[in-house]
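Peer 1: Dropping the structure in here first, questions after.
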Amino acid sequence: MSFRSIKYFIKEGVKSFALNGLMSMASVVTVSLCLVLFGVYLLFSMNLNYAASQVEAGYEIQLYIEETADSDDIQAVKSALMSIENVNSIEFVSKGEALKEWNEKFGGDAEFLEGLEDDNPLRDSFKVSFKDLSLTEETISQIEKIKMVAKVTNNQVVVDKLVGITTNVQKVSFWLMVFFAVISVFIISNTIRITVFARRREVNIMKFVGATDWFISCPFVIEGIIIGFIGALTAMLIVSQAYGYFISEVGLVIEENINIYDLSSVFWVLFGSLIGMGVVLGASGSGVSLRKHLYV
Amino acid sequence: MIFFNNVTKQYDNGTIALDNINFFIDKGEFVFIVGSSGAGKSTITKLILCEEKPTSGTILINGIDVGGLKHREMPYYRRQLGMVFQDFRLLPNKTVYDNIAFAMQVRGATNREIRRAVPNVLSMVGLSGKAKVRPHELSGGEQQRVALARAMVNNPPVLIADEPTGNLDPATADGIMQLLEDINKRGTTVLTVTHAKDIVNKMKKRVVEISNGKIIRDEVGGYCCEL
Ligand SMILES: Nc1ncnc2c1ncn2[C@@H]1O[C@H](COP(=O)(O)OP(=O)(O)O)[C@@H](O)[C@H]1O
Ligand SMILES: [Mg+2]
């Protein structure tokens with residue numbers, strides 16, 4: 001394919017995009033609507049995976065020991081834990097260490113902790129991580145049966161809640177996205193149909209001088225791609241602004257130890273995906289139309 | 001070169017435009033197809049161009065069975081034909097040069113080939129000075145010359161002209177016919193559909209006359225009298 005042809009295809013595509021003003025605008029708006037939803041879907045999926053990986057990597061339970069326990073009891077708990085097959089690592093956190101941790105966390109100026117050094121309300125505990133996370137529930141119930149174990153906590157509830165919310169948003173945005181994708185393809189194909197109709201004389205001339213279908217359709221496909229591309233840019237602007245706002249309101253830390261991505265680390269993935277999806281929508285929209293109106 | 005064997009064309013609405021037509025045109029011939037309006041002349045050009053398929057019979061152009069062409073083969077087949085129409089069919093928003101270059105570009109010609117061939121063919125039709133002009137700034141005769149230049153730029157073995165002088169005054173028409181004759185003398189087979197009685201009489205070429213979809217006369221050097 002010669003440079004002259006490429007120049008010709010692009011020039012013709014841009015020209016008919018501009019000449020088709022209102023229809024082009026309508027197409028761009030629907031494409032960008034679809035792509036905004038696609039962007040939302042992507043952001044949720046990426047952050048969900050990210051959160052899941054953080055939870056898995058840092059998953060541990062904390063088991064608290066009865067206040068009445070002495071050091072022999074603690075030793076007994078430790079060996080009981082070690083005998084459980086699924087236990088990966090064990091870390092003992094004494095009352096004193098726990099208090100120090102609290103102090104650090106609240107910058108040492110947490111007034112309600114003042115004067116507690118002597119009468120520490122916190123308990124000794126173990127932090128335990130597992131080998132196989134799918135056996136979490138069974139292992140926890142085994143641990144709960146150990147003598148002198150008062151209470152077992154984990155961040156499972158938080159995780160479940162997070163996963164619950166995001167999968168719902170994911171589902172809704174996915175189906176809305178599919179819906180708008182269909183509408184986009186429909187509207188783009190209509191726009192291209194109008195172009196083809198307006199230029200049928202030209203198309204006829206091309207046919208009798210021996211232009212292949214491919215050569216004839218290229219400018220129309222490029223027109224569709226331009227629609228998709230501009231729609232993607234619009235969507236990118238909307239999604240990145242909205243996500244930036246969301247982060248500034250909610251912050252990068254959703255729950256203790258669960259971070260979400262900041263805008264800069266997802267920007268290019270998002271940008272690439274939206275542009276790619278926009279181009280695919282635009283090209284398939286014109287493809288649908290050309291199949292119907294050009295190849296007859 | 002051009003062979004119609006028992007060709008019948010019935011349009012979808014039932015009109016029988018051609019009724020069992022037979023003719024053979026040899027390489028290098030110059031042939032007029034004449035007949036009154038609605039006789040079926042343009043149907044012949046449409047069949048040759050593969051815009052329409054024959055209802056029955058066989059059409060061979062350059063040894064190619066036109067009726068049996070697949071959709072994707074048509075562009076390549078059409079590149080062997082030069083076509084000229086009554087209404088010129090130039091692209092209005094392209095210059096004369098670009099209109100002609102386009103016919104080469106479509107076939108994947110390089111810029112170099114285009115730069116060499118277009119001025120050549122423009123000087124052949126006597127429009128060297130008009131390369132940068134758009135079609136609407138030209139007279140009818142000049143527009144038809146551009147169309148001829150476009151048809152000839154790829155050196156097709158066959159040139160089909162459907163009423164090429166239909167929109168032109170007699171003096172201009174003579175000029176176009178002269179060009180067709182020149183093109184024929186260089187070895188291109190020329191098939192010209194026309195109404196113009198004077199021209200046919202003057203040029204003394206082979207004349208195929210059609211009436212109601214049938215050939216009623218086919219004489220070499222024939223004289224046209226029934227128009
Ligand atoms: N696409 C078409 N559909 C139906 N009938 C047609 C079509 N094209 C031509 N005809 C009919 O076929 C006959 C021959 O037409 P045509 O070949 O165009 O004649 P000519 O070129 O000699 O004037 C006419 O009766 C015309 O009405
Ligand atoms: Mg006609």
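Peer 1: Return yes when B:D19 is out of contact with any strand residue (DSSP E or B) (no Cβ under 6 Å at 6 or more places or on another chain), on the phi < 0 side of the Ramachandran plot, open to solvent by 10 Å² or more (accessible area, probe 1.4 Å) and within 12 Å of ligand 1 (Cβ to nearest atom) and no when it is not.
Peer 2: On the way: out of contact with any strand residue (DSSP E or B) (no Cβ under 6 Å at 6 or more places or on another chain): no; on the phi < 0 side of the Ramachandran plot: yes; open to solvent by 10 Å² or more (accessible area, probe 1.4 Å): yes; within 12 Å of ligand 1 (Cβ to nearest atom): yes.
For B:D19, the condition - out of contact with any strand residue (DSSP E or B) (no Cβ under 6 Å at 6 or more places or on another chain), on the phi < 0 side of the Ramachandran plot, open to solvent by 10 Å² or more (accessible area, probe 1.4 Å) and within 12 Å of ligand 1 (Cβ to nearest atom) - is not met.
Peer 1: Select from segment B:35-68 the residues that are surrounded by 18 or more Cβ atoms within 10 Å (Cβ to Cβ) and more than 9 Å from ligand 1 (Cβ to nearest atom) and write down the one among them that is nearest to the other protein chains (Cβ to nearest Cβ).
Peer 2: Here the residue is B:L49.
Peer 1: Within segment B:182-197, is there a residue that is assigned to a loop (DSSP other than H, G, I, E, B), in the same structural domain as B:D19 (by TED's automatic domain parsing), more than 16 Å from ligand 2 (Cβ to nearest atom) and free of Cβ contacts under 8 Å to residues at least 12 places away in the same chain? So that I can check it myself, show each step before the final result.
Peer 2: First, the residues of segment B:182-197 that are assigned to a loop (DSSP other than H, G, I, E, B): B:186-188, B:195-196.
So of that shortlist, the ones also in the same structural domain as B:D19 (by TED's automatic domain parsing) come out as B:186-188, B:195-196.
Then drop every residue that is not more than 16 Å from ligand 2 (Cβ to nearest atom), which leaves B:186-188.
Still in the running and free of Cβ contacts under 8 Å to residues at least 12 places away in the same chain: B:186.
Yes, that holds for at least one residue.
Peer 1: In segment B:119-154, which residues are under 25 Å from B:Y77 (Cα atoms), away from chain A (no Cβ under 13 Å) and not hydrophobic (A, V, I, L, M, F, W, C)?
Peer 2: B:N120, B:Q144, B:R145
Peer 1: Do the conditions hold for B:I25, that is, is it within 17 Å of the chain's Cα centre (by Cα), more than 16 Å from ligand 1 (Cβ to nearest atom), surrounded by 15 or more Cβ atoms within 10 Å (Cβ to Cβ) and of a type in the set (A, V, I, L, M, F, W, C)?
Peer 2: On the way: within 17 Å of the chain's Cα centre (by Cα): yes; more than 16 Å from ligand 1 (Cβ to nearest atom): yes; surrounded by 15 or more Cβ atoms within 10 Å (Cβ to Cβ): yes; of a type in the set (A, V, I, L, M, F, W, C): yes.
Considered against the rule, which asks whether it is within 17 Å of the chain's Cα centre (by Cα), more than 16 Å from ligand 1 (Cβ to nearest atom), surrounded by 15 or more Cβ atoms within 10 Å (Cβ to Cβ) and of a type in the set (A, V, I, L, M, F, W, C), B:I25 comes out as yes.
Peer 1: Test B:T95 against the stated conditions and say whether it is of a type in the set (S, T, Y) and either within 13 Å of chain A (Cβ to nearest Cβ) or open to solvent by less than 20 Å² (accessible area, probe 1.4 Å) (or both). It would help to see each step written out before you state the result.
Peer 2: Values: of a type in the set (S, T, Y): yes; either within 13 Å of chain A (Cβ to nearest Cβ) or open to solvent by less than 20 Å² (accessible area, probe 1.4 Å) (or both): no.
Against the criterion (of a type in the set (S, T, Y) and either within 13 Å of chain A (Cβ to nearest Cβ) or open to solvent by less than 20 Å² (accessible area, probe 1.4 Å) (or both)), B:T95 does not qualify.
Yes/no per residue for (1) modelled with pLDDT of 85 or more; (2) touching a Phe, Trp or Tyr at 6+ places or on another chain (Cβ under 8 Å); (3) open to solvent by less than 70 Å² (accessible area, probe 1.4 Å):
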site	(1), (2), (3)
A:G224	yes, no, yes
A:F229	yes, no, no
A:G244	yes, no, yes
A:I258	no, no, yes
A:L263	no, yes, yes
A:V279	yes, yes, yes
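Peer 1: In this structure, does A:A69 turn out to be under 30 Å from A:L263 (Cα atoms) and either within 14 Å of chain B (Cβ to nearest Cβ) or in contact (Cβ under 8 Å) with a residue 24 or more places away in the chain (or both)? Break it down into steps so the answer makes sense when it comes.
Peer 2: Numbers: under 30 Å from A:L263 (Cα atoms): no; either within 14 Å of chain B (Cβ to nearest Cβ) or in contact (Cβ under 8 Å) with a residue 24 or more places away in the chain (or both): yes.
The answer is no for A:A69.
Peer 1: I'd like to know if segment B:201-214 contains one or more residues that are open to solvent by 40 Å² or more (accessible area, probe 1.4 Å), within 20 Å of B:I21 (Cα to Cα), in contact with a strand residue (DSSP E or B) (Cβ under 7 Å, 6 or more places away or on another chain) and in a strand (DSSP E or B).
Peer 2: The answer is yes; a qualifying residue exists.
Peer 1: So which of B:L148, B:L191, B:L168 is open to solvent by less than 40 Å² (accessible area, probe 1.4 Å), of a type in the set (A, V, I, L, M), at pLDDT below 95 and closer than 30 Å to B:S36 by Cβ?
Peer 2: Details: B:L148 fails: at pLDDT below 95; B:L191 fails: at pLDDT below 95.
Every option except B:L168 fails the conditions.
Peer 1: Oh, and also: Tell me yes or no: at least one residue of segment A:78-89 is in the same structural domain as A:M148 (by TED's automatic domain parsing), modelled with pLDDT of 80 or more and among the charged types (D, E, K, R).
Peer 2: The answer is yes, given that some residue of segment A:78-89 is in the same structural domain as A:M148 (by TED's automatic domain parsing), modelled with pLDDT of 80 or more and among the charged types (D, E, K, R).
The values are calculated or read from the model by the stated rules, or taken from the named source; none is laboratory data. This structure is a prediction, so every number in the text was calculated from the model and none was measured. When we count neighbours, we look across all protein chains shown, and the Cβ atoms used for this are built from the backbone with ideal geometry, even at glycine. Protein only, heavy atoms only, side chains kept; ligands, DNA and RNA dropped before computing areas. Shrake-Rupley method; radii C 1.70, N 1.55, O 1.52, S 1.80 Å.
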